[in-house]
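Take a look at the structure set out below.
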Amino acid sequence: MSRIGRAPIAIPAGVEIKIEDNNVVTVKGPKGTLTQQFNHNMAIAMEDGHVLVTRPNDAKENRALHGLTRTLIYNMVVGVTEGYKKELDVNGVGYRVSKEGNKLVMNLGFSHPVIMEEIPGITIEVPSANKIIVNGCDKQMVGQFAAEIREKRLPEPYKGKGIKYVDEVIRRKAGKTGAKK
């Protein structure tokens, strides 16, 4: 059996989990509410303050879904209790970011500022002119929104200019050498 799929998910204090028909799981906590529907083959049950995910047989599809379902439910529990956060750095001469209301305004070397609006469930913080923090309770939404911000100016390998994740390492390349005579 899957080691990840077998592990029970502990329900922390202040978190309410509701399992409905068709494997619709709703997790409610201090940071928000998340709802997701899972494959009908997986059996999701609550026992003694834990959530257990079991599979009906060892078919290849069920083995694949077992650990995935358990991990997605666990990510929902962590999201409504602690939340998720992605930090981005903006590197480059004249590159800066600011927040105006619920809009992120980025000057990235284009002839115009790039503006992105917060989406429901996501909050953006700009602690300094070259740092962006994306917060939210849905891990997938936080990662997707951070990737969309990064996509506006990908880091380039020669000078390292662009938007990168804080823990990302940019592999640098050597520039051109002088022409031989």
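Scanning the stretch 134-156 for residues that are open to solvent by 30 Å² or more (accessible area, probe 1.4 Å), in contact (Cβ under 8 Å) with a residue 24 or more places away in the chain and under 17 Å from residue 107 (Cα atoms) yields a total of 4. Scanning the stretch 57-106 for residues that are of a type in the set (A, V, I, L, M), open to solvent by 30 Å² or more (accessible area, probe 1.4 Å) and touching a strand residue (DSSP E or B) at 6+ places or on another chain (Cβ under 7 Å) yields one hit, 72.
The single residue among 131, 176, 159 that is touching an Asp or Glu at 6+ places or on another chain (Cβ under 9 Å) and either over 19 Å from residue 79 (Cβ atoms) or open to solvent by 50 Å² or more (accessible area, probe 1.4 Å) (or both) turns out to be 131.
Scanning the stretch 107-119 for residues that are touching a strand residue (DSSP E or B) at 6+ places or on another chain (Cβ under 8 Å) and of a type in the set (A, V, I, L, M), we see that the one that is surrounded by the most Cβ atoms within 10 Å (Cβ to Cβ) is 108.
The values are calculated or read from the model by the stated rules, or taken from the named source; none is laboratory data. Please read these numbers as outputs of a predicted model, since none were measured by experiment. We place every Cβ from the backbone using ideal geometry, glycine too, and count neighbours over all the protein chains shown. Calculation scope for accessible area: heavy atoms of the full protein, side chains included, ligands and nucleic acids excluded. Shrake-Rupley method; radii C 1.70, N 1.55, O 1.52, S 1.80 Å.
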